[in-house]
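To start, the structure under review is shown below, and the notes come after it.
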Amino acid sequence: MTTMPYAVETEALGPAGGVAMPVDIPEPRSIEETGLQPHTLTELVAKTMYYRSRVTEGQLSDLVRLTRPVIDELMDLMKRDGLTETLSQAGPLQYQYALTDRGRRHAFDAFERGHYVGPAPVPYEHYLRVQAAQAVHRIEIAPSDVARALGHLVQPEALVSAVGAGVVSAGTLMLYGHSGNGKSTIASAIREMLRTPVAIPYALDVGGQTLRLFDARMHEEIEAVPAPAATPVSEVEAEFGAGLDSAGEAAGDASHFAPLGGARFDRRYAVCHRPLVTLGSELTLDDLEMGFSPVDLTYTAPPQVKANGGVLVVDDLGRQRVRPDELLNRWMAPMANGVDQLGLRTGELIRVPFDVILVFATNLEPHDIGDEAFLRRIRHKVQVPDPTRQEYREIFRRASEGAGLEYDARAVEVAVAEYYDTPRRPLRGSHPGDIVRNLVDFATFEGVTPALTVDALRRACRAYFV
């Protein structure tokens with residue numbers, strides 16, 4: 001049986017500077033091209049200026065992520081309305097501005113409606129078109145991509161193929177098996193199969209309300225440039241649906257977005273690696289709904305929306321506060337239709353993309369989690385087995401060499417006989433790395449050079465097994 005190479009530590013994604021985007025999103029060059037109402041932008045700029053005694057157009061451009069032409073247009077509008085004043089010239093074609101008393105009252109009133117300050121939001125309809133262009137099911141995944149992503153694990157080729165098929169389906173995948181054999185690691189590695197980056201708005205404008213989407217804990221920014229063959233966003237149908245369902249109207253008018261051929265990428269979007277969002281045992285059904293902060297009066301996207309375009313992992317399925325069948329019932333329609341419905345506190349519903357590779361990982365037997373009808377909804381179910389003795393030796397060799405130790409096959413065989421064969425303990429893929437770290441810990445404490453000897457392994461194993 002052929003096995004894949006193993007590495008003790010999961011490798012980070014490779015450098016992605018200058019990677020090509022699959023969609024072209026030019027910067028808006030006017031207020032109209034932002035797709036936002038002028039008052040939405042003037043309120044954002046006023047709140048941004050409120051805590052600063054003075055600010056230049058260039059500083060404002062960087063703070064709200066809009067081009068200088070848009071900032072200049074906004075400054076002219078706000079000056080005409082008596083909201084700002086010019087203090088001095090800060091350089092060639094650069095002026096310093098401050099809020100007037102009227103402008104400060106305008107900012108204060110804006111804070112009463114919402115405290116959001118940051119990059120200008122993206123109209124919801126525009127986000128739908130962008131997400132449709134970079135949807136996860138559009139990514140072509142080859143066997144070499146799967147082999148590369150799982151190349152740090154020792155696993156049978158049949159498992160690698162089964163995982164690859166589940167990922168290619170862009171649907172739902174269940175990984176099950178004993179703890180310590182790499183289910184969570186495999187789930188995390190699926191992101192590395194998704195080679196293209198994704199554009200994620202810092203915030204969305206949904207019917208005049210702000211929804212925070214970018215989350216630095218889940219979204220890893222990179223440098224990227226539009227590819228020559230990138231899909232122009234204006235040519236993409238918003239396949240996920242749009243708008244506020246209760247009103248029956250679109251959330252934005254795509255006809256006013258920036259024309260093609262813009263000089264720069266719209267900075268209201270963060271260019272990121274495909275997201276990997278992991279939900280643990282603390283998950284509840286309420287966590288899957290829109291969050292609203294009564295303090296800053298803004299919404300926060302739930303985790304499945306933050307995972308759009310990437311991988312959503314429900315780890316340790318069956319241990320959550322919510323029952324597995326309740327969780328799957330909550331996502332049954334989104335999984336089938338690619339669209340989820342989320343409620344606002346006004347009672348309105350918005351249709352949002354459910355564009356994820358959904359992975360369930362569990363230590364339980366599938367039939368202990370749900371009945372046949374439940375399991376039928378998850379088409380790809382992959383058992384992650386205990387390693388064979390040959391695989392275990394290979395894992396131990398890699399773990400030893402990764403720690404800078406010379407591998408000693410005889411010492412490992414003695415440890416396997418004494419700590420696995422005699423007590424009939426099953427082999428686990430995570431054991432070698434942990435045992436080697438224990439061995440190094442003892443050597444470090446005693447101030448000696450670590451070595452993979454029989455005595456050193458015995459002591460490391462005694463400390464590890466109970």
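Amide H contacts under 5 Å for D340: V352, F354, restricted to partners 5 or more places along the chain or on a different chain, H placed in the peptide plane at 1.01 Å from N.
Our coupling estimate for the stretch 59-75, obtained by passing each phi through the Karplus curve with A = 6.51, B = -1.76, C = 1.60 and θ = phi - 60°, is 5, 4, 4, 6, 6, 9, 6, 10, 6, 4, x, 5, 4, 4, 5, 5, 5 Hz, Gly and Pro reported as x. At full extension, Q89 and E221 could sit 44.1 nm farther apart than now, given 0.36 nm per residue minus the alpha carbon distance. 3J(HN,Hα) along the stretch 145-152: 5, 5, 4, 5, 5, 9, x, 8 Hz, from the Karplus curve 6.51 cos²θ - 1.76 cosθ + 1.60 with θ = phi - 60°, whole Hz, x for Gly and Pro. Note on the chain: along the principal axes its Cα atoms extend 85, 56, 44 Å, ordered by decreasing extent.
Enumerate the residues in the stretch 45-61 having an amide nitrogen under 19 Å from the point lying 7 Å beyond the Cα of R102 toward its Cβ. Under cut-off, by backbone N: 45-50.
Fewest Cβ neighbours within 10 Å first, please rank S293, S188 accordingly. Mind dumping the intermediate values first?
Numbers: S293 13, S188 19.
In increasing order of surrounding Cβ atoms, one gets S293, S188.
Summed over qualifying helices (DSSP H, 4 residues or more, each -39500 (n - 2.57)) and divided by its residue number, the chain shows a 222 nm mean residue ellipticity of -10000 deg cm²/dmol. Here K47 is the anchor, and the lysines within straight C-alpha reach of less than 22 Å, apart from those fewer than 8 places off in the same chain, are K79. The H on the amide N of G310, modeled in the peptide plane, is under 5 Å from the matching H of I357, each at least 5 residues off or on a different chain. Annotation: amide H-H contacts under 5 Å for E220 (H modelled 1.01 Å from N, sequence separation of 5 or more, or interchain): H273.
For the stretch 177-202 versus the stretch 392-447, the spacing of their alpha-carbon centroids is 27 Å. A straight Cα-to-Cα reach below 28 Å connects K183 with the lysines K306, K381, residues fewer than 8 places away in its own chain not being considered.
Given 0.36 nm per residue, what is the gain on full extension from R345 to D286 after removing their alpha carbon distance, in nm? Before the final figure, lay out each step's value.
Working: separation 59, 0.36 × 59 = 21.24 nm, distance 1.38 nm.
Here the answer is 19.9 nm.
On alpha-carbon atoms, Rg over Rh for the stretch 389-464 using Kirkwood Rh?
Details: Rg = 11.4 Å, Rh = 12.2 Å.
That ratio is 0.93, to two decimals.
Contour minus end-to-end for R323 and D368, with contour as 0.36 nm per residue of separation and end-to-end as the Cα-Cα distance? Extra length from R323 to D368 when fully extended: 15.0 nm.
Each residue of the stretch 324-340 is assigned a 3J(HN,Hα), and the resulting list reads x, 5, 5, 5, 5, 4, 4, 9, 4, 5, x, 5, 7, 9, x, 9, 10 Hz, derived from the Karplus form 6.51 cos²θ - 1.76 cosθ + 1.60 (θ = phi - 60°), x at Gly and Pro.
Computing FRET efficiency as 1/(1 + (r/R0)^6) for R330 and E401, where r is the C-beta to C-beta distance and R0 is 45 Å, gives about 0.50. Note on V295 and S161: with the Förster distance fixed at 60 Å, the Cβ-Cβ geometry gives a FRET efficiency of about 0.75. Label zone (T449, point 7 Å along Cα-to-C-beta; backbone nitrogen cut-off 12 Å) within the stretch 367-408: 405-406.
Every read-out reported here was derived from the displayed coordinates using simple, explicitly stated rules and does not represent laboratory data. Nothing here was measured: the structure is a model prediction, and the numbers come from that model. When we count neighbours, we look across all protein chains shown, and the Cβ atoms used for this are built from the backbone with ideal geometry, even at glycine.
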